[in-house]
Amino acid sequence: MTEHSSPRHTADLTEPAGLEGSVSADRSGANSGATPGDFGPSKDSALAIETEELVKHFGETKAVDGVDLAVPAGGIYGLLGPNGAGKTTMIRMLATLLQPDAGTARVFGHDVGADADAVRGRVSMTGQFASVDEDLTGHENLVLLARLLGYSRREAKARTIEQLEAFGLTDAASRQVKTYSGGMRRRLDIAASIVVTPELLFLDEPTTGLDPRNRSQVWEIIRALVANGTTVLLTTQYLEEADQLADRIAVIDDGRIVAEGTPRDLKASIGSGVLNVRVRDPGQREEARQALTRILNAPVKLESDPAALSARIADTNRIAHAFVELSQAEIAVTDFALGQPSLDEVFLALTDRDDRDTHTDRASRDGRDKAAAGGRSR
Amino acid sequence: MTTESGAEPDAERLRSAVSDQPRPPRPSALSASLTFGWRALLKIKHVPEQLFDVTVFPVMFLLLFTYLFGGALAGSTSAYLQELLPGILAMTVVFITIYTGITLNDDVDEGVFDRFRTLPIWQPAVIVGALLGDAVRYTIASTIVIALGLILGFRPDGGAVGVLSAVALLLVFSFSLSWIWTALGFVMRSPESLMATSMLVLFPLTFVSNVFVDPATMP
Ligand SMILES: Nc1ncnc2c1ncn2[C@@H]1O[C@H](COP(=O)(O)OP(=O)(O)OP(=O)(O)O)[C@@H](O)[C@H]1O
Ligand SMILES: [Mg+2]
């Protein structure tokens, strides 16, 4: 590791108060977009990634459409978005694989275009689809990368054996990667990305398609890297994952950042959760809807399942009342659950408004009112 | 062999995978190229079919032409073999050059290429390495064709030295030619279209050239 992962950043992580303070200042600058100059020189050096008006179009498709991102060094930054939002395109530009059409992107102060080699010396990437050689064995893949990263033949072998052991791949080491399960392949892919500990690691949907056990293993390794000083930029389609891992999240949709902040901010801005109710008799659904609307003082949505309803709620205290109300009205309920808002709902809440641009630098409390209003109008 | 259950990575072990060693110095351009050459050799080892194609094809041609047309075209099979073999040799090796382009195309699809491109190495090393791997393929294919020729009764005029220098010349020629396919491999979308294009160019060329028939007999 070099000067960029200075102990100062790791120290920041252990002091949430300090982190909060510095990033909220960053945020106002990053999201207003027009005023990138707001960053003081000292703050610049603490940024792992900084983009200004970054644009990438594929023909008619605006994959990335003017993104301003400021990712502080140290910690985990989540890029959250649905299929086709532009997450992979963002990562590929930052990892020097794609030339931006317009705007600038800097990684630890180095331009990804003009200074690509300096960027490559600091980052490493695990692509959305396995970026290992299917024809070679797991062992050969890791030795190959270790050699390309400058290890001697002996060091490369030693490092490979160490990694295979740590990732539980020793038994499969001499098999071709094409015979690996999805989880094994992912582990090998991540191992290949950290043969040399990078200062910045890009992980493009590292847990998509993994079972819960493999997923938590991936989370574990990410946390271990961060404890070691690496900055991680992670894309995901799962709100829960971003919530669990990320210190900050940018929500991206249609190539644009629609919200940015800590997971707490973000969730606050879309209400505290979703109440899902299933009635036994679909005929009573309308009755249930009226009762819930009255008690929760929130819009209640009829789901496609003829017995199910859902409501986005801001105030969890009313849920108990709602349950009582339903049983008093003698509506039999088979399912009554409070869940995190799904990503769908996050997007509806964040994009179902006309003043998309002003939203991003709004404080969380303000955002919550807006979200409720947005929901009501639906 | 049970794989996943036997060696389940736990949190403690995973943490040990994170290296706190300093980054080693960058490899030289030569070392990176040789490493990619090693990768090409591993590919030959794991996917020997790629050798199968390029050896069976010329062996088939050699046998077919020698015994079917040999008598008609050159008077006797052994006389025809003297003319045919060097031509088949050239043709074989030229066809192998196509593989370079295809290998690179596969990489681009697989995403391995993405990883290579994010490494702080001399970037052309990927291509140079692939071409080095090809040189090995040329050598193997040439050896097989010549060995078969000798069995069938081919007696080179130039002796062993003549054959070796002919092969060496061929290697240099193919090495240059493979750059063309490599360049095309970057431009073209799919391996299939690259294959089709290269065949389109190569087939008429080999038939019009003096591989199969003495040019004197051509119109
Ligand atoms: N090479 C390309 N050529 C043409 N269009 C592309 C290319 N790469 C991406 N796109 C388009 O750009 C948009 C954004 O794609 P991108 O892969 O960045 O999305 P994503 O957020 O990673 O989605 P997913 O969650 O499905 O991986 C999509 O509409 C996609 O079709
Ligand atoms: Mg993607």
(request) Go through the range A:246-261 residue by residue and tally those that are charged (D, E, K, R) and within 13 Å of ligand 1 (Cβ to nearest atom). (result) 3
(request) For residues that are at the interface with chain B (Cβ under 10 Å from one of its Cβ atoms) and out of contact with any Leu (no Cβ under 8 Å at 6 or more places or on another chain), scanning just the range A:228-244, find the one that is most open to solvent (accessible area, probe 1.4 Å). (result) A:Asn228
(request) Inspect the range A:46-55 for any residue being within 14 Å of ligand 1 (Cβ to nearest atom), surrounded by fewer than 14 Cβ atoms within 10 Å (Cβ to Cβ), within 26 Å of A:Gln237 (Cβ to Cβ) and at pLDDT 90 or above and give the result as yes or no. (result) no
(message) What's the number of the only condition in (1) within 19 Å of A:Ala246 (Cα to Cα); (2) of a type outside the set (Val, Ile, Thr); (3) away from ligand 1 (no atom under 16 Å from the Cβ); (4) modelled with pLDDT under 90 that A:Pro82 fails to meet?
(response) (3)
(request) Would you check which residues across the range B:110-126 are outside any helix (DSSP H, G or I) and more than 7 Å from every other protein chain (Cβ to nearest Cβ) and list them? (result) B:Trp122, B:Gln123, B:Pro124
(message) Name the single residue that is nearest to B:Arg23 (Cα to Cα) among those in the range A:198-226 being of a type outside the set (Asp, Glu), open to solvent by less than 10 Å² (accessible area, probe 1.4 Å) and not in a helix (DSSP H, G or I).
(response) A:Pro198
(request) State which residue pairs qualify: first residue closer than 13 Å to A:Leu233 by Cα and inside the range A:76-91, second residue among the small types (Gly, Ala, Ser) and more than 7 Å from ligand 1 (Cβ to nearest atom) in any location, beta carbons under 6 Å apart, and separation of 6 or more residues or different chains. (result) A:Ile76/A:Ala246; A:Gly78/A:Ala242; A:Gly78/A:Ala246; A:Leu79/A:Ala250; A:Leu80/A:Ala242
(request) Within the range A:296-318, count every residue that is among the aliphatic types (A, V, I, L, M), open to solvent by 50 Å² or more (accessible area, probe 1.4 Å) and touching a Leu at 6+ places or on another chain (Cβ under 7 Å). (result) 1
(request) Output yes when any residue across the range A:184-205 is within 16 Å of ligand 2 (Cβ to nearest atom), modelled with pLDDT under 90 and within 26 Å of A:Val226 (Cβ to Cβ), and no when none is. (result) no
(request) Could you list, in sequence order, all residues of the range B:11-35 that are in contact (Cβ under 8 Å) with a residue 12 or more places away in the chain and at the interface with another protein chain (Cβ under 8 Å from one of its Cβ atoms)? (result) B:Arg26, B:Pro27, B:Ala32, B:Thr35
(message) Of everything in the range A:55-68, what is of a type in the set (A, V, I, L, M, F, W, C) and within 16 Å of ligand 2 (Cβ to nearest atom)? Give them in sequence order.
(response) A:Phe58, A:Ala63, A:Val64, A:Val67
(request) Looking at (1) closer than 19 Å to A:Ala192 by Cα; (2) at pLDDT below 75; (3) not β-branched (Val, Ile, Thr), find the lone condition where B:Gly6 falls short. (result) (1)
(message) Anything in the range A:252-268 that is within 14 Å of the chain's Cα centre (by Cα), buried (at least 20 other Cβ atoms within 10 Å of the Cβ) and within 15 Å of ligand 2 (Cβ to nearest atom)? List them, or say none.
(response) A:Ile252
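The values are calculated or read from the model by the stated rules, or taken from the named source; none is laboratory data. Since we're looking at a predicted model, the values are computed, not measured. Cβ atoms come from the backbone with ideal geometry, glycine included; neighbour counts cover every protein chain shown. Surface areas here come from the heavy atoms of the whole protein model, side chains and all, with no ligands, DNA or RNA. Shrake-Rupley method; radii C 1.70, N 1.55, O 1.52, S 1.80 Å.
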